[in-house]
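What follows is a single structure, written as structure tokens, with notes after it.
The values are calculated or read from the model by the stated rules, or taken from the named source; none is laboratory data. Since the structure is predicted, the reported quantities are computational estimates derived from the model, not experimental observations. Note: accessible area is taken over every heavy atom of the protein model, side chains too, but ligands, DNA and RNA are not part of it. Shrake-Rupley method; radii C 1.70, N 1.55, O 1.52, S 1.80 Å.
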Amino acid sequence: HCSNELCRSEGMTAPYLLLRGLAAMALAGLLIAAAPAPPSTPGSPTPATALEPQMGALATIRTQASATNDDARLAGLQAQSATIEASGRHAEAMLRQNLARLARQHGQRAGADRSRITAQLASTQALTAEAGDVYVQIAEKRRTSFSVRVLRRYASPLSPGFWTALIGSGGADFARLDALADEAAAEVWAAPEPAGLASLGVGIAVAVLILLPGGWLARLPAERRSRRGGETSALALSAARLWLAIVGVLLPTLAAMAVRTGAAWGRLLSQRADALAGAVIAAIAWAAAIIVLGQAVGASPREDRRLLQLSDGEARRARYWLLWVALVTALGFLAARLIYLTGASIALTVALNAVQSLAYAAVAVMVLVSFGARPSALHGLIALLLSLAVTAIVIAVLAGYETLAALIAGQVFWLGLIAAVAWLAARLADDACQTLFHSGGVVRRALKVMFGLSDSAISQIGVLAAAGLQLLVVAGALILALTPFGQSGALLAANFGRLGSPIRIGQAKVSPAAIAAGLIALAAGLGIARLVRDWFDRRYLPVTSWDVGLRTSASTGVGYLSVLIAVVCALGVMGLGFQQIVLIASALSVGIGFGLQQIVQNFVSGVILLVERPVKVGDWVCVDQMEGDITRIRVRATELRMADRTTVLVPNSELITKPVQNRTRVGLGTRVELRLPIADPSQARRALEVILAAAAKDEGVRAEPAPQAFVEAIAVEGPTTLALIAHLADPAARSLGRGRLYLAAIEALGAAGIPLAGQGSKAS
């Protein structure tokens, strides 16, 4: 530099000095680049030695990060590890430049310098990798705590803070993504040639073979069975659905694994690129599972392979939306894995949760609009639950609860996937049992030969076996449904539990959360009880040889037992143990003794009627001057249908505590007695023959036991009374049948010339 006076004394102007300085700097740079590397003295600093203090700092950061859960503290430690990683990458760049400069030099000294710098580069790379690992671990810990706090509110997409945080962390996120891409590219360029490309080509060829010829061969058994003439069994259709679903998931997954294996053998994948390739395979498997299971349920091009009765147009629309669901799921999975590998910021994680949740909600809305309303209770329930889930997702995202929205969205589609798998497996189990225990089934023939069981008993075993397998499927589905919920579900329940902490009233504690859980458990238990009873009436009872009364008693008993179990389970969910239930029952006993005595008495009497079965459904009984046919035994009263087709409710206690006349004998119908007086005792034998012949001609009289006629009484200077006993097939038509027999007997006696006595007859 020169002063103004010196410049003026030499006659130099400012532009001239500037050009002269730039030329001197350029010349110096060229001389430095051409000169050999100066020998390093023991005390001279190098990029590697400058990072030595940071190695100890990195160990301290790792220790402090594992010992704290404070998000602000973790953010500071993450920033420190990012600084160390950036310094390491800068040092790597400088060392690589030195190696490139030394590569043009020869000699013993240059070789020693190259060895020294190579060793420094290796240690610097190790430090950079360790710093990146610490950064990713801290980021994952922050994301885990972020995911755990599902009820914590973050910035809403409608607020400026959301976009400010996203833009502020965008530079660092893109830098880490760029570093991942550079690492993958460097691994590709460093791969051996042509072995790397050849290995990748082999992997691609194997993938093509798996998808094309392999897919055709795998689907061939199901296609050949479907082309056969005649009717296809239900078991064959269920097996074809399940096999095509397995093949549809397995083939693309194996193809993707073949490509990844070829790239790995060719040394084309870095460590993080290999992890990302594994995420791609998982995303392909998820997408394929969604598509093939959706086709098996109702979107298959073939109508006979749809579990749901959808039209061809609805099936086409379902396939279209399945592709969107699969795409959203796969991209969301890949984005989440990429965020994990790069250690992205919390702001980007929040944004990803919001975008994926809204994408799921949009697809769900389109599905609801596309299919519209259908006259089905199940469809209405699914549409209602899906609408509530979509509403909750949108509200949660707009309110800033992005983690809760992502949890709801992911769980909805996860439950749908599990439901499809469970439906396929349950249908296969039911069809398999029906086929094996059919009249021509192998199991039926074996049971007949080995144990001599009747057809009814074998059918019952088949129904129970199908029910047992379906229960196992449902239990497995519930376990899978709770698995992804896992910790998140437990922590969600804990958060809601803090909102409804117990309230002490005297010595008792009332927990709103426990009451709500108990009510939910009671509702679910009653629903399951209804399903169990419907299954018992629809599947088990029709294959039994029981009469109507026994079937009704068994059905009612199963219903009572199921409801009792549901109530006990609900009380247990509320936190009431056996001792608390006994105390409640003791407290209620006083009220039962005063106000509910008759109800409890009738309930117990109903249970006795179902167990002892003194009367049953279908019996014609007389109780308390009422006569009618038992149509139903309820919890409190028994329904009697009278001869005039009216219904009378008789309390169950009346049938237990009062005399009851049962006019129905099992297998014999109802018994009627007729009394006919004749004037001439000498014509008694002839009159009996005429009466029996008239009774035998009546269609309502049972042939077994046969009608009987005899002389009941002889009065002195009076009529001779004849009696006729017959059994009618229909107990409800007892009065009509008796009147019909009276008329037939009177006409037959008149035709035979046997006069009746002048006085009336009395019948019992």
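Below, the figures for the structure above:
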| item | result |
| --- | --- |
| Cα gyration tensor shape for the range 343-473, rounded if a/c is under 1.5, else prolate or oblate | prolate |
| Cα-based equivalent ellipsoid, the range 280-402: semi-axes from gyration tensor eigenvalues, Å | 30, 20, 9 |
| Fraction in percent of alpha-carbon pairs per bin - 5 Å, the range 178-220 | 5, 20, 15, 14, 14, 11, 9, 8, 3, 0 |
| Cα pair distances of the range 380-439 binned at 5 Å [whole percent] | 4, 17, 16, 16, 12, 9, 8, 7, 5, 4, 2, 1, 0 |
| Extended-chain gain in nm, criterion 0.36 nm per residue less alpha-carbon gap, V600 and V660 | 19.5 nm |
| Relative contact order of the range 320-451, pairs being alpha-carbon contacts under 8 Å that are 6 or more residues apart, as % | 21 |
| Percent RCO, i.e. relative contact order, over the range 238-317, from Cα pairs under 8 Å lying at least 6 residues apart | 30 |
| Percent of alpha-carbon pairs separated by more than 23 Å within the range 592-735 | 51 |
| Solvent-accessible ranking of K658, K616, largest area first, probe 1.4 Å | K658, K616 |
| Distance histogram in 5 Å bins (all Cα pairs of the range 275-322, percent per bin) | 5, 25, 25, 14, 11, 9, 7, 4, 1 |
| M257 accessible area, 1.4 Å probe, all protein chains in place, Å² to nearest 10 | 90 |
| Against the rule of thumb 2.2 N^0.38 Å, how large the Cα Rg of the range 245-312 comes out | 1.48 |
| Span from the the range 605-671 Cα centroid across to the the range 124-139 one, whole angstrom | 83 |
| For the range 714-759 and the range 387-439, distance of Cα centres in Å | 72 |
| Per-selection Kirkwood Rh - the range 201-359 (Cα, Å, 1 d.p.) | 17.7 |
| The range 600-639: relative contact order as a whole-number percent, Cα under 8 Å and 6+ apart | 38 |
